[in-house]
1. Working from Cα positions, state the angle (0 to 90°, nearest 10) between the long axis of helix 14-25 and the longest principal axis of the chain.
2. Give the distance, in whole Å, between the Cα centre of the range 89-107 and the Cα centre of the range 199-230.
3. Which order do 266, 90 fall in if you start with the one that has the fewest other Cβ atoms within 10 Å?
4. I need 39, 105, 56 ordered by Cβ neighbour count within 10 Å, fewest first.
5. By counting other Cβ atoms within 10 Å of each Cβ, how are 54, 77 ranked from fewest to most?
6. Whole Å is fine, so just give me how far the alpha carbon centre of the range 246-317 lies from that of the range 163-194.
7. Specify whether the C-alpha gyration tensor of the range 26-76 places it in the rounded, prolate or oblate class, a ≥ b ≥ c being the square roots of the eigenvalues: rounded for a/c under 1.5, otherwise prolate if a/b is larger than b/c and oblate if not.
8. At 0.36 nm per residue, minus the direct Cα-Cα distance, what do residue 260 and residue 235 gain on full extension? Give it in nm, one decimal, please.
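Just so you know, all these numbers are worked out from the coordinates, no wet-lab data involved. All values reported here derive from a predicted model rather than from experimental measurement. Ideal geometry is used to build each Cβ from the backbone, glycine not excepted, and the neighbour counts take in all protein chains shown.
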Ligand code: NAP
């Protein structure tokens, strides 16, 4: 049987690396669009280097996207590339729009011209809801983005829906809530905390400064999220789905859990620093997973506690081995 071909943008990121693993396991021929960098950014995918083909391209450059699609002739395209850090979107709003919003226009237009029968997944985000008027949010909840990243993701979301309606392209948006893993950057609060708990346990640090401990988030595991993305493109008809855990936990609960994994009392190490308060913190972002559960049979396979434990364990091992 001829293997299916998939093209992943954002291959070098957290989700791209897990999705590539999943698709390789499923027998796909996997292509990844990677932008040129003067130093290597392939750390998350080195173990896959024999099984994936890297093609050079950039969401800022339309002709490179058309070349990559023409060369790879993918059955499925997963757009995971974006400027994905919300605070940076306030200091670089125009660049965020170029990558995260207009980049998707360029990609959709390239698909329409070069491979109109490819199935397309767009990485949408719960940040499109911003300050929602209902909780939990569903696929029908109004978009009220409250930062440039959310605005750019809302644009990309609606462009995907519009190309579906106007050109009959197979395009799906996965509205993902925060998802985490040992491959997440330490600038994101979940990994910042699990990493710091491991560092403090090993005597490599002695304090952790955080923002609002009462902020609540809907966190799920990145491997579970990418499985939901793949499921979405296996349907006959395209549609949009929320991918979330459907539960919230506070930063305080996360800290307690991470420090208890290493046998320490968090109150001895954690201090609150207003400098880390996120501007315009959205309230109660939590996703309803009724639709994806009923229609695609998807639900998270990892609990909050399991995620915390496996991420703390990962950092304990990594830091111990590196002798850092
Ligand atoms: P990530 O780790 O930050 O990865 C982002 C990827 O985008 C990297 O591979 C990066 O490449 C690539 N990229 C950035 N600008 C590009 C450009 N101009 N051209 C080509 N590639 C470019 O993000 P993630 O956590 O895997 O998230 C995947 C997607 O889901 C993103 O669209 C993100 O916004 C969205 N999302 C994520 C979460 C979450 O909790 N993780 C939640 C909601 C939505 P370099 O290696 O070259 O920088």
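1. That helix lies at roughly 60 degrees to the long axis.
2. Measuring centre to centre over Cα atoms gives 26 Å.
3. On the way: 266 20, 90 13.
Least crowded to most crowded, the residues run 90, 266.
4. Working: 39 4, 105 17, 56 12.
Fewest-to-most ranking of 39, 105, 56: 39, 56, 105.
5. On the way: 54 15, 77 29.
By the 10 Å Cβ count, ascending: 54, 77.
6. Spelled out, the Cα-based centre of one part sits 16 Å from the other.
7. Details: a/c = 2.84, a/b = 1.07, b/c = 2.64.
Judged from the Cα gyration tensor, the range 26-76 comes out oblate (a/c at least 1.5, b/c at or above a/b).
8. On the way: separation 25, 0.36 × 25 = 9.00 nm, distance 4.20 nm.
Full extension from residue 260 to residue 235 adds 4.8 nm.
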